[in-house]
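Everything below concerns the one structure shown next.
The values are calculated or read from the model by the stated rules, or taken from the named source; none is laboratory data. These figures come from a predicted structure and were not determined experimentally. Note that we place each Cβ from the backbone using ideal geometry, even for glycine, and neighbour counts take in every protein chain shown. Keep in mind that these areas ignore ligands, DNA and RNA; they rest on the heavy atoms of the full protein, side chains included. Shrake-Rupley method; radii C 1.70, N 1.55, O 1.52, S 1.80 Å.
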Amino acid sequence: MAPAVVIGNGDMPEFEGRITIYVAVCVVIAAFGGLMFGYDIGISGGVTAMDDFLIKFFPAVFERKQHAHENNYCKYDNQYLQLFTSSLYLAALVASFVASKVCSKYGRKPTMQIASVFFLIGVALTAGGVNIEMVIIGRILLGCGVGFANQAVPLFLSELAPTKIRGALNISFQLFITIGILIANLVNYWASNIHPYGWRISLGLAGIPALVLCFGSFAICETPTSLIERNKVEKGKKILRKIRGVDNVDDEFKSIVHACEMARQVKQPFRKLMKPASRPPLVIAILLQVFQQFTGINAIMFYAPVLFQTVGFGSDAALLSSVITGAINVLSTFVSIYLVDKAGRKILLLEACVQMLLTQGIIGGILMKDLKATDSYLSHGEAVFVVILVCLFVMGFAWSWGPLGWLIPSETFPLETRTAGFAFAVSSNMLFTFIIAQAFLSMLCHMQAGIFFFFAAWIVVMGLFTWFLLPETKGVPVDSMVDKVWKQHWFWSRFMGGEEEVKVV
Ligand code: BGC
């Protein structure tokens, strides 16, 4: 049976209800799942730049770093060091498919609780690590937590939020990711001066959001949609009254029951997803995630401190620079929250392509000209300029491909394939995050400054894709996408013929 998700927007009927304190508390607790994800993204780069950590687990990398003048671009190239970062995403990729089943069979709340248990064990193993195996197993468990949390939290948020603030709330998930990254950068900056166990503090502090999610998840409710979907109809109605803070929830209740009935008609959502009519949103969901990763954003999020050391900063200045990029990432996400429903999705994506293309291109040019592999340094002025360019790059990403990579896949699938389709988006994100995490340092070593041109070339491809093939979905009711978007599109309409649709009014 297809899991039912009711995601509304401004054009759907306004249901009665207000934003209750209870909903606000549930939202904040669940968002700690996003914060955990962000913290894990942000923490590994700083930790892998700490000498104490390298000496303990990667002595060969530490040795090479001491002779940095031998090769600027290769000092961190080590498959195991990359595995430390990337193992998390491989685990999350596999876990997200399991989580999508758990999520529809047992509900969003237990899925988040399982995530928090994975997180807690993962934190204990990484922070208490005595050998590299233990640390990598810890990262794998953290990855399982990310897979479970990333599948459940966005759905939980969408289902709990009153219709009129659902769009902004969806981007709040990304906002919490960016806050998690920033906190991780700050923690690394502070902990890097605590010897010899600063890295343990960095990894161990992830326990705080994990504990909040773990204990907090006992206080939150299951979503009405998930309860009704699993035939707990009366309980679902009771919770709906509680979260909306009004007695009359009949209209919304009916719409959820209706959505669940529709979803039940589709016994095999994954099979339905393979039909031609599902191709447009599926291809777009997967490609947006692939493109999101090939902007090169995570080369910066994971390895900013390493990258900044490569261009000539000392360890502290490099960590401070990543705090700055982290703060820009958070602040720019607000621009997206503000503009996405006014200016539209396409214009944000296209503008960002230009901004990211220019910045990647100029960074590549500077490094190619002035940072040779050996016996060469950027001047201080040039290094500062590179940091500014990185900030402009992050800014562009944070108001476009970052949040929209998640938003668009969540609004373009018809109801009956929505969660199955979203699972593909989550897992594609994890797969390509894994690829970048695993390959970036080797690519930096072999391609040197050329790596920035590599990302720039992808940005051209994604710009062309957005221009020609991505339809604008601003203001289109989520359940009218087939008629108003896909059937009208010059290219995607060819897939739409002959398929019977399930529509929800
Ligand atoms: C991406 C992450 C990235 C983060 C940066 C998210 O949308 O999925 O891979 O690290 O944005 O803020």
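May I ask you to list the residues in the stretch 362-404 that are within 16 Å of the ligand (Cβ to nearest atom) and in contact with a Cys (Cβ under 9 Å, 6 or more places away or on another chain)? Outline the logic, then answer.
Step one: list which residues in the stretch 362-404 are within 16 Å of the ligand (Cβ to nearest atom), which gives 390-404.
Correct list: Gly396, Ser400, Trp401.
Rundown of residues vs (1) under 30 Å from Arg264 (Cα atoms); (2) free of Cβ contacts under 8 Å to residues at least 24 places away in the same chain; (3) buried (at least 21 other Cβ atoms within 10 Å of the Cβ), yes/no style:
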position: Lys65; (1), (2), (3): no, yes, no
position: Tyr80; (1), (2), (3): no, no, no
position: Leu83; (1), (2), (3): no, no, no
position: Ser86; (1), (2), (3): no, no, yes
position: Val94; (1), (2), (3): yes, no, no
position: Val98; (1), (2), (3): yes, no, no
position: Lys101; (1), (2), (3): yes, yes, no
position: Phe118; (1), (2), (3): no, no, yes
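Once the stretch 377-435 is narrowed to residues that are in a loop (DSSP other than H, G, I, E, B) and open to solvent by less than 10 Å² (accessible area, probe 1.4 Å), the residue that is nearest to Pro305 (Cα to Cα) is Ser400. Any chance the stretch 192-214 includes a residue that's without any contact (Cβ under 8 Å) to a residue 12 or more places away in the chain and under 27 Å from the mean Cα position of the chain (by Cα)? Scanning the stretch 192-214 turns up at least one residue that is without any contact (Cβ under 8 Å) to a residue 12 or more places away in the chain and under 27 Å from the mean Cα position of the chain (by Cα). Just one of the listed residues (Phe432, Phe413, Phe440, Phe424) is of a type in the set (Phe, Trp, Tyr), more than 10 Å from the ligand (Cβ to nearest atom) and at pLDDT 90 or above, and it is Phe424.
With the structure loaded, tell me whether Gln174 is in a helix (DSSP H, G or I), closer than 25 Å to Ala219 by Cα, open to solvent by 10 Å² or more (accessible area, probe 1.4 Å) and polar (S, T, N, Q) or whether it fails that test. Yes, satisfied.
Any chance the stretch 345-358 includes a residue that's among the hydrophobic types (A, V, I, L, M, F, W, C), surrounded by fewer than 22 Cβ atoms within 10 Å (Cβ to Cβ) and closer than 20 Å to Leu307 by Cβ? So far as the stretch 345-358 goes, yes, one or more of its residues are among the hydrophobic types (A, V, I, L, M, F, W, C), surrounded by fewer than 22 Cβ atoms within 10 Å (Cβ to Cβ) and closer than 20 Å to Leu307 by Cβ. Consider the stretch 332-344 and keep the residues that are under 17 Å from the mean Cα position of the chain (by Cα) and surrounded by 15 or more Cβ atoms within 10 Å (Cβ to Cβ). The one that is farthest from the ligand (Cβ to nearest atom) is Ile337. Regarding the stretch 120-129, can at least one residue be identified that is touching a helix residue (DSSP H, G or I) at 6+ places or on another chain (Cβ under 7 Å), among the hydroxyl-bearing types (Ser, Thr, Tyr) and at pLDDT 95 or above? Among the residues of the stretch 120-129, at least one is touching a helix residue (DSSP H, G or I) at 6+ places or on another chain (Cβ under 7 Å), among the hydroxyl-bearing types (Ser, Thr, Tyr) and at pLDDT 95 or above, which makes the answer yes.
Scan the stretch 192-211 residue by residue and report those that are among the small types (Gly, Ala, Ser) and surrounded by 22 or more Cβ atoms within 10 Å (Cβ to Cβ). If you could, list the steps in order and put the result at the bottom.
Pass one, the stretch 192-211, residues among the small types (Gly, Ala, Ser): 192, 198, 202, 204, 206-207, 210.
Selection gives Ser192, Ser202, Ala206, Ala210.
Within the stretch 271-287, can one find any residue that is within 16 Å of the ligand (Cβ to nearest atom), in contact with a helix residue (DSSP H, G or I) (Cβ under 9 Å, 6 or more places away or on another chain), open to solvent by 30 Å² or more (accessible area, probe 1.4 Å) and not in a loop (DSSP other than H, G, I, E, B)? The answer is yes; a qualifying residue exists.
Here Met301 passes the criteria (1) free of Cβ contacts under 8 Å to residues at least 40 places away in the same chain; (2) within 12 Å of the ligand (Cβ to nearest atom) except the one numbered (1). Considering each residue of the stretch 180-191 in turn, none proves to be outside any helix (DSSP H, G or I), open to solvent by 20 Å² or more (accessible area, probe 1.4 Å) and either away from the ligand (no atom under 16 Å from the Cβ) or without any contact (Cβ under 8 Å) to a residue 60 or more places away in the chain (or both). Which of the residues that make up the stretch 223-234 are in a helix (DSSP H, G or I), in contact (Cβ under 8 Å) with a residue 12 or more places away in the chain and open to solvent by 50 Å² or more (accessible area, probe 1.4 Å)? Correct list: Val233 only.
Inspection of the stretch 53-61 identifies at least one residue that is basic (Lys, Arg), at pLDDT 85 or above and farther than 30 Å from Glu222 by Cα.
Do we have any residue at all in the stretch 246-254 that's of a type in the set (A, V, I, L, M, F, W, C), in contact with a Gly (Cβ under 6 Å, 6 or more places away or on another chain) and surrounded by fewer than 22 Cβ atoms within 10 Å (Cβ to Cβ)? Lay out the reasoning, then the answer.
Kept after step one, since they are of a type in the set (A, V, I, L, M, F, W, C), are these residues of the stretch 246-254: 246, 249, 253.
Next, only the ones that are in contact with a Gly (Cβ under 6 Å, 6 or more places away or on another chain) stay: 246.
Within this subset, residues satisfying the condition of being surrounded by fewer than 22 Cβ atoms within 10 Å (Cβ to Cβ) are 246.
Checked against the condition, which is being of a type in the set (A, V, I, L, M, F, W, C), in contact with a Gly (Cβ under 6 Å, 6 or more places away or on another chain) and surrounded by fewer than 22 Cβ atoms within 10 Å (Cβ to Cβ), the stretch 246-254 yields at least one hit.
Of all residue pairs spaced 6 or more apart or on separate chains, those with beta-carbon atoms under 9 Å, a first member in the stretch 327-351 that is at positive phi and a second member that is open to solvent by 50 Å² or more (accessible area, probe 1.4 Å) are Gly344/Glu472; Gly344/Lys474; Gly344/Gly475. Residues in the stretch 301-331 that are touching an Asp or Glu at 6+ places or on another chain (Cβ under 9 Å) and either assigned to a helix (DSSP H, G or I) or open to solvent by 20 Å² or more (accessible area, probe 1.4 Å) (or both): Gly312, Ser315.
Rundown of residues vs (1) of a type in the set (Asp, Glu); (2) open to solvent by 20 Å² or more (accessible area, probe 1.4 Å); (3) free of Cβ contacts under 8 Å to residues at least 60 places away in the same chain, yes/no style:
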| residue | (1), (2), (3) |
| --- | --- |
| Ala124 | no, yes, no |
| Asn131 | no, yes, no |
| Ile136 | no, yes, yes |
| Pro154 | no, no, no |
